[in-house]
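The values are calculated or read from the model by the stated rules, or taken from the named source; none is laboratory data. Given the structure is predicted, the values throughout are model-derived calculations rather than measurements. Ideal geometry is used to build each Cβ from the backbone, glycine not excepted, and the neighbour counts take in all protein chains shown.
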Amino acid sequence: MTITKERLAEIKARCEAATRAPWDVVEIHPKHYHVSAALDEPPVAEVEYIIQDAEFVAHARSDVPALLAEVERLRGLIKAAELTSRPDPVRGVAFGCPWCGLRCGRDRMIHASDCPAFTPEGKVK
């Protein structure tokens, strides 16, 4: 399954609009759980019977933004690898890095991961 940029933007917008993180699970009475951002705030979700479902909902508030950031980082590395591994029509070698201009004989994926023009999140500085 491919997730489009538009779909990622929709997911990110929902994350940013949701109640702030972190969320915790509180057992209100046996087999009835609230998922909330703080004990003194109203619950963001109520789950009955299955604690694992309540924990899944609570952790999604932190897990989904982390996964989105990882997708963005990996897509940046893939783009860098694609741009730096195309053959140069004149020299017959790979183009240099489009961000820092480095032309080296090293593996392009390795350079993409440690390019000085990249942040640790895989974005161009």
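Given the condition surrounded by 14 or more Cβ atoms within 10 Å (Cβ to Cβ), within 30 Å of ALA18 (Cα to Cα), at pLDDT 55 or above and among the small types (Gly, Ala, Ser), answer yes or no: does some residue in the stretch 75-95 qualify? Looking through the stretch 75-95, at least one residue is surrounded by 14 or more Cβ atoms within 10 Å (Cβ to Cβ), within 30 Å of ALA18 (Cα to Cα), at pLDDT 55 or above and among the small types (Gly, Ala, Ser).
Each residue in the stretch 43-78 was checked for being touching a Cys at 6+ places or on another chain (Cβ under 8 Å) and among the β-branched types (Val, Ile, Thr), and 1 pass.
Every condition in (1) assigned to a helix (DSSP H, G or I); (2) aliphatic (A, V, I, L, M); (3) over 20 Å from GLU70 (Cα atoms) holds for VAL25 except the one numbered (1).
When restricted to residues that are closer than 22 Å to LYS12 by Cα, touching a residue at least 12 places away in the same chain (Cβ under 8 Å) and aromatic (Phe, Trp, Tyr), the stretch 22-81 contains 1. Every condition in (1) of a type in the set (D, E, K, R); (2) out of contact with any Phe, Trp or Tyr (no Cβ under 7 Å at 6 or more places or on another chain); (3) exposed (fewer than 12 other Cβ atoms within 10 Å of the Cβ) holds for LYS31 except the one numbered (2).
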